[in-house]
Amino acid sequence: MNKMARIAWAAVFLAISYAHAGPAEVAPATPQAQQERITRLEAQMQNQGVIGLLNQIEALKAEVARLRGFQEEQAYQMEVAEKRVKDLFMDLDTRLAQVKELASRPMPAQADAIRLQSAQTLASVPASTPRNVDPEAESRAYSAAHALVKGGKYLEAVQAMRAFQEEYPGGSLAPNAVYWMGFSQVNLGDFPAAATAYQKLIDEYPTSSKAPDAMLSLARARIQSNELAQARTTLEQLIATYPISKAAATGKKLLATLN
């Protein structure tokens with residue numbers, strides 16, 4: 001066989017071999033290629049873990065913010081409730097005092113003259129003070145001062161009640177003036193001054209109808225000044241000295257909160 005024939009047979013053989021051959025086989029990966037692929041997979045997994053962790057952190061932040069907002073809302077509601085209770089407590093105290101005030105207001109001139117001679121009034125007036133008081137003038141001065149209290153002009157009320165006490169120290173309305181002066185000082189936030197006024201009423205006018213209320217108000221003023229031990233002692237004295245008074249009944253409830 002000549003050279004040209006051998007070349008032709010070789011070409012046919014290659015063509016037949018190529019026609020029957022399958023898809024080209026992929027050469028096996030080298031160790032370096034496998035390591036690079038593993039590294040890429042690890043990086044992808046690590047990125048997915050970091051993203052998941054960040055999502056969890058954001059969710060926790062949102063939950064903390066929600067809880068913080070809820071806590072602040074609860075604190076605000078408690079503050080509003082405490083203020084409402086305090087206002088109701090003050091309003092009740094004012095109403096009770098006004099009722100007692102109406103009951104103790106001076107009668108017409110003739111009745112006032114008789115009232116000034118009652119044993120209770122005479123006992124409540126210090127021995128060193130004069131008892132000759134013009135009931136009409138006293139009533140007018142007291143009404144003017146008390147109108148300031150009802151009008152919420154507490155600073156002016158304190159001054160007016162103090163002036164009234166100086167003008168009518170032995171009058172039948174002197175204990176009331178001391179009480180309302182202390183009441184006005186409480187509303188001004190001057191609790192030590194209010195405590196002094198209430199203590200004066202208790203010491204100088206122990207038989208006055210205002211004495212139990214003054215002792216209860218004294219205890220409250222001391223609580224406001226964070227003098228809890230003195231407040232407890234005052235409440236115990238109130239209950240022991242005026243056991244059947246409404247002030248004593250209220251004092252028992254207040255004392256229970258301090259024990």
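The values are calculated or read from the model by the stated rules, or taken from the named source; none is laboratory data. What you are looking at is a predicted structure, and each value in this text was computed from that prediction instead of being measured. Every residue, glycine as well, gets a Cβ built from its backbone with ideal geometry; the counts of neighbours run over all protein chains shown.
Taking residue 36 as the residue in question, decide whether it is modelled with pLDDT of 75 or more, among the charged types (D, E, K, R) and out of contact with any His (no Cβ under 8 Å at 6 or more places or on another chain). For residue 36, the condition - modelled with pLDDT of 75 or more, among the charged types (D, E, K, R) and out of contact with any His (no Cβ under 8 Å at 6 or more places or on another chain) - is met. Total residues in region 205-235 satisfying the condition of being under 18 Å from residue 185 (Cα atoms) and surrounded by fewer than 17 Cβ atoms within 10 Å (Cβ to Cβ): the figure is 3. Residue count for region 138-167 under the criterion of being free of Cβ contacts under 8 Å to residues at least 12 places away in the same chain and either surrounded by 24 or more Cβ atoms within 10 Å (Cβ to Cβ) or among the hydrophobic types (A, V, I, L, M, F, W, C) (or both): the result is 1. In region 168-204, the residue that is surrounded by the most Cβ atoms within 10 Å (Cβ to Cβ) out of those that are over 27 Å from the mean Cα position of the chain (by Cα) and not in a helix (DSSP H, G or I) is 171.
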